[in-house]
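Report on one structure; see the data block that follows.
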Amino acid sequence: MKQEMMQIVKQKMIAKDIFELTLTGNLTKEMTTPGQFLHIKVPQQDLLMRRPLSLASVDQQKKECVVIYRTEGTGTKRLSGLTSGGELDVLGPLGNGFKICDVKKEEHILLVGGGIGVPPLYELSKQLKSKGAIIHHILGFHDKSALFYIDKFKKLGTISITTDNGSYGIKGHIGAALPEYLESVTPDAIYACGPNALLKVINQQFLEHPRAYLSLEERMACGIGACYACVCHVADDPSGQKSKKVCDEGPIFKTGEVIV
Ligand SMILES: Cc1cc2nc3c(=O)[nH]c(=O)nc-3n(C[C@H](O)[C@H](O)[C@H](O)COP(=O)(O)OP(=O)(O)OC[C@H]3O[C@@H](n4cnc5c(N)ncnc54)[C@H](O)[C@@H]3O)c2cc1C
Ligand code: FES
């Protein structure tokens, strides 16, 4: 984990309220594990806390990385106004990332993402593809206007899309697309990122699966394990006292490991 003033290469809106921000700097050398995140200082004096954003893509040769984010509050709205040529104070990469070292050629891998949980799955999918895995993506969005990166994911594997209102793909949430996929394939590994409702479905469906992983999102302050702002509870703990820090012990956990 390092800190650097990274240069903004470009920023563009790629869907409704969704922005793709490309940064360059030596820090990219450290960005090898999909699922890790950057902790970004918003260039505004009264915003002291950094904002966690997942690595969506890394190009080691160009020394570039991409984060994709949705404008939510003051910080991300301020970020969306930045343009090329500027600099951004970046800490990272943080978190443990997705475990992919045991993925073998021709294994069937299921990636499940919802909304702003989709970005980290892109770098993950690229790395899985380079290992020769067979990838299927199930991606859920609020509606058609929120869709992004569909063509890019199609180049890496098959894809099923759900929208809450049925304006594109299957109507409903991720659970609506799972049964059809599971009828024909038993995935060797599953990776999921998205809102809690999605994570609950995947946690339940693959509770006993030895290689099923969830990426959790918690409000963060330090991002490096020092402040305990981001704790979640351990599942197998009758006392209810044990917790894990999402920033440095996560954000990726095995299904059944923590309470979603
Ligand atoms: C590991 C991780 C990866 C993430 N990756 C992405 C991503 O790739 N794209 C994306 O759009 N969003 C991502 N998020 C959520 C993103 O961090 C928040 O949407 C963002 O921090 C909101 O900031 P804001 O200033 O717009 O909102 P505000 O509500 O003004 O933020 C106030 C404070 O709350 C914190 N905060 C608010 N919402 C969240 C949240 N959901 N998670 C953590 N902290 C929060 C902020 O960091 C800030 O300190 C991720 C969150 C985590 C924990
Ligand atoms: S955000 Fe400080 S310990 Fe996780």
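The values are calculated or read from the model by the stated rules, or taken from the named source; none is laboratory data. It should be emphasised that the depicted structure is a prediction, and the values quoted were computed from it without experimental measurement. Note: ideal-geometry Cβ built from the backbone for every residue, glycine included; neighbour counts use all protein chains shown. Note: areas computed on protein heavy atoms with side chains; ligands, DNA, RNA excluded. Shrake-Rupley method; radii C 1.70, N 1.55, O 1.52, S 1.80 Å.
Here are the numbers:
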quantity: Inter-site label distance for Glu106 and Lys200 at 7 Å from Cα along Cβ, in nm; calculated: 4.0
quantity: Measure of compaction for the stretch 197-260 (Cα Rg per 2.2 N^0.38 Å); calculated: 1.10
quantity: Per residue value of the accessible surface for the stretch 1-144 (all protein chains in place, 1.4 Å probe), Å²; calculated: 43
quantity: Portion, in percent, of the accessible area of the chain that falls on carbon or sulfur, probe 1.4 Å; calculated: 50
quantity: Potential extension, Asp237-Glu218 segment - 0.36 nm per residue separation minus Cα distance; calculated: 4.8 nm
quantity: Average projection area in nm² (convex hull over Cα atoms of the stretch 15-79, one quarter of hull surface); calculated: 4.7
quantity: Inter-label distance, nm, simple model (7 Å from Cα along the C-beta direction), Ile259/Gln3; calculated: 3.5
quantity: Filter on Lys62/Lys152; Lys99/Lys171; Lys10/Lys152; Lys144/Lys244; Lys62/Lys154 - keep pairs with C-alpha separation over 27 Å; calculated: Lys99/Lys171; Lys144/Lys244
quantity: Gain in span if fully extended, Glu183 to Met49, counting 0.36 nm per residue against the direct Cα distance; calculated: 43.7 nm
quantity: Cα gyration tensor shape for the stretch 25-163, rounded if a/c is under 1.5, else prolate or oblate; calculated: oblate
quantity: Percentage, to the nearest whole number, of Cα pairs in the stretch 143-260 over 18 Å apart; calculated: 60
quantity: Point-to-point label distance, Leu207-Lys152, nm (Cα→Cβ direction, 7 Å offset); calculated: 3.6
quantity: Assigned charges on the beta-carbon of Lys, Arg, Asp, Glu; the stretch 150-260 dipole about Cα centre (debye); calculated: 260
quantity: Residue-count net charge about Glu72 - beta-carbon cut-off 10 Å; Lys, Arg +1, Asp, Glu -1; calculated: +2
quantity: Euclidean distance between Cα centres, the stretch 51-66 to the stretch 155-223, Å; calculated: 23
quantity: The stretch 70-205 - charge dipole about Cα centre, Lys and Arg +1 at Cβ, Asp and Glu -1, debye rounded to 20; calculated: 180
